[in-house]
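Take a look at the structure below.
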Amino acid sequence: MMNRRQFNQGLVAMAFGGLASHLHASQSRLQTTAMAQNTAYGKLIPDPNALLDLPSGFNYQVISRLGDKMHDDLDVPDRADGMGCFYLDDKRVVLIRNHEIAANKLIKKHHGDKQAMMLEFAYDTFENTYPLPGGTSSIVYNLQSKRVEQQFMSLIGTIRNCSGGVTPWETWLTCEESVDKADKMISKDHGYVFEVPANATKMVNAIPIKAMGRFNHEAACVDPRTGIVYMTEDRNDSLIYRYIPNQKANLQAGGRLQALVIAQKPKFDTRNWHSESMLLKQEMAVEWIELDHPESPDDDLRLRGFNAGAALFARGEGIHWGDNELYFCCTNGGAKKLGQIMRYVPSLVEGSPSENKRPGKLSLFVESEYPQAMNFADNVTVAPNGHLIVCEDQYTDHTENHIKGVTPDGKTYDLARVRLQTEPAGACFSPDGRTLFVNLYSPTTTVAITGPWDSFIL
């Protein structure tokens with residue numbers, strides 16, 4: 001029987017093989033229009049339940065909602081964000097779902113005494129009494145029966161678990177988008193990455209991986225060849241980081257934290273806010289610089305990195321590993337500040353002393369020029385046909401967020417429209433490529449989307 005690691009890696013290779021083979025098919029600037037968006041799988045059909053509009057032939061099933069009673073007798077928390085999907089067996093998958101909840105006095109009402117019993121697992125507590133409410137929940141879902149078999153809190157006591165990433169060794173890296181420090185309300189500093197095993201059956205001890213840096217973490221992805229972890233930071237003046245572990249698949253054993261530099265162009269600004277510095281599809285050689293004091297008590301990693309020559313990015317968010325390459329979103333990058341998607345191809349000797357002889361290459365894959373094309377790209381994953389799937393997260397009083405598709409030549413289209421005043425997040429496919437799982441952020445609503453993924457007509 002194929003094990004879950006082989007199953008997951010096979011899907012990734014299949015899906016990104018198509019993307020890689022067509023990636024340079026177009027060198028023209030993105031010029032999509034509102035009309036072009038709705039020709040991918042056909043126009044979006046209004047949902048009679050006013051939740052999620054999808055093309056004809058596609059359907060969704062709500063599998064988890066805010067307040068549902070879980071199998072550990074706790075309630076499903078709010079603010080469902082990043083999420084990863086793992087193969088469990090031939091019928092079932094495990095979803096690990098982030099909850100981006102801040103530390104505030106409302107947690108006493110929201111979580112109550114039942115979570116106080118989980119103090120032994122929590123990373124941090126509120127006034128030494130209640131676990132901080134951020135963390136992850138795990139869902140065991142049967143793809144054949146289309147039923148949730150189990151769901152439970154798998155990590156607790158953290159702050160604003162925004163996104164993260166799956167690892168080749170079957171764990172979820174959950175990232176705190178917070179640099180809160182210990183004070184009268186909370187007892188520990190925050191801004192770390194935590195690891196949750198996919199095979200966990202109950203809450204695990206929340207142990208920060210401090211060598212991976214303390215900053216406003218967003219997401220992470222892992223190069224399965226080397227075990228190097230690449231990370232984004234949600235700041236207007238953010239950096240791109242990588243963590244080279246001392247031991248592959250053992251992140252707690254320490255490692256080196258580095259920041260990305262454009263070769264021979266120190267302090268390069270990729271944001272294109274003031275000038276078109278980053279040209280579409282132009283590959284730029286990359287170097288990496290060491291960052292010391294990764295625990296950064298003053299939250300100055302990005303400042304020290306920039307002063308040493310690191311490149312600037314506009315709110316790095318979702319990041320996803322593909323076929324020997326990765327993609328990451330910059331939410332408000334670009335001349336119109338509507339969002340960018342970057343592509344990075346690592347060196348074949350990534351992390352070794354000789355990598356600068358054959359450096360990795362960074363390029364701008366997409367820069368949105370129209371809100372209809374892409375409006376604040378956030379989480380990103382890949383579809384079975386090799387297209388990128390991007391979740392929008394607009395920062396306006398009234399939002400009309402979409403789940404977007406991006407073709408191998410950089411054109412965007414609408415895959416779904418969110419009817420609630422919230423964002424889609426945590427998009428991830430089942431290992432067989434037939435089900436797309438997505439969170440609607442608040443109130444927490446996790447859906448399973450199925451349909452004719454191979455019927456793309458653009």
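The values are calculated or read from the model by the stated rules, or taken from the named source; none is laboratory data. Not measured: the values here are computed from a predicted model. Every residue, glycine as well, gets a Cβ built from its backbone with ideal geometry; the counts of neighbours run over all protein chains shown. Only protein heavy atoms, including side chains, enter the accessible area calculation; ligands, DNA and RNA are left aside. Shrake-Rupley method; radii C 1.70, N 1.55, O 1.52, S 1.80 Å.
Figures for the structure shown
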item: Within the chain, longest stretch free of exposed trypsin sites (Lys or Arg not before Pro) [DSSP loop, at most 14 other beta carbons within 10 Å]; result: 268-433
item: The chain - charge dipole about Cα centre, Lys and Arg +1 at Cβ, Asp and Glu -1, debye rounded to 20; result: 540 debye
item: Cα centre as origin, Lys/Arg/Asp/Glu Cβ charges: region 333-458 dipole, Debye; result: 300 debye
item: Among Val94, Val76, Ala314 the positive-end extreme of the charge dipole of the chain (Cβ point charges); result: Val94
item: Helical contribution to [θ] at 222 nm, DSSP H n ≥ 4, -39,500 (n - 2.57), averaged over the chain, rounded to 500; result: -2500 deg cm²/dmol
item: Solvent-accessible surface (1.4 angstrom probe) belonging to Glu195, in square angstrom, nearest 10; result: 50 Å²
item: Pairwise label distance in nanometres, Asp183 with Glu295, each label 7 Å out on the Cα-Cβ vector; result: 2.1 nm
item: Positive dipole terminus of region 364-428, leading residue within Val380, Gln394, Ala416 (C-beta point charges); result: Ala416
item: Computed lengthening from His71 to Ser354, 0.36 nm per intervening residue step minus Cα-Cα distance; result: 96.8 nm
item: Correct choice for Rg/Rh (Cα atoms, Kirkwood Rh) that was computed from the model, options (i) 0.99; (ii) 0.94; (iii) 1.09; result: (ii)
item: Stretchable slack from Gln61 to Asn142, in nm (0.36 nm times residue separation minus alpha-carbon distance); result: 27.9 nm
item: Pair Met117, Leu420: separation of 7 Å Cα→Cβ label points (nm); result: 2.8 nm
item: Sulfur and carbon atoms: percent of accessible area, region 117-162 [1.4 Å]; result: 44 percent
item: Selection of chymotrypsin sites (Phe, Trp or Tyr not before Pro), region 318-397, meeting DSSP coil and at most 14 other Cβ within 10 Å; result: Tyr395
item: Of Ala285, Asn332, Tyr243, farthest towards positive along the dipole that unit charges on Lys, Arg, Asp, Glu beta carbons give the chain; result: Ala285
item: Dipole magnitude of region 90-201, debye to nearest 20 (Cβ charges: Lys/Arg +1, Asp/Glu -1, about Cα centre); result: 460 debye
item: Whether region 386-443 is rounded, prolate or oblate, judged on the alpha carbon gyration tensor where a/c under 1.5 counts as rounded; result: oblate
item: Computed over the chain: relative contact order in percent, which uses C-alpha pairs under 8 Å that are six or more apart; result: 18 percent
item: Global geometry of region 176-335, whether rounded, prolate or oblate, following the gyration tensor of its Cα atoms and the 1.5 cut on a/c; result: prolate
item: Separation between Cα centres of region 314-342 and region 136-163, rounded to whole Å; result: 26 Å
item: Distance (nanometres) between label positions extended 7 Å along Cα→Cβ at Lys336 and Arg434; result: 3.9 nm
item: Cα shape, region 167-271, gyration tensor, a/c 1.5 rule; result: oblate
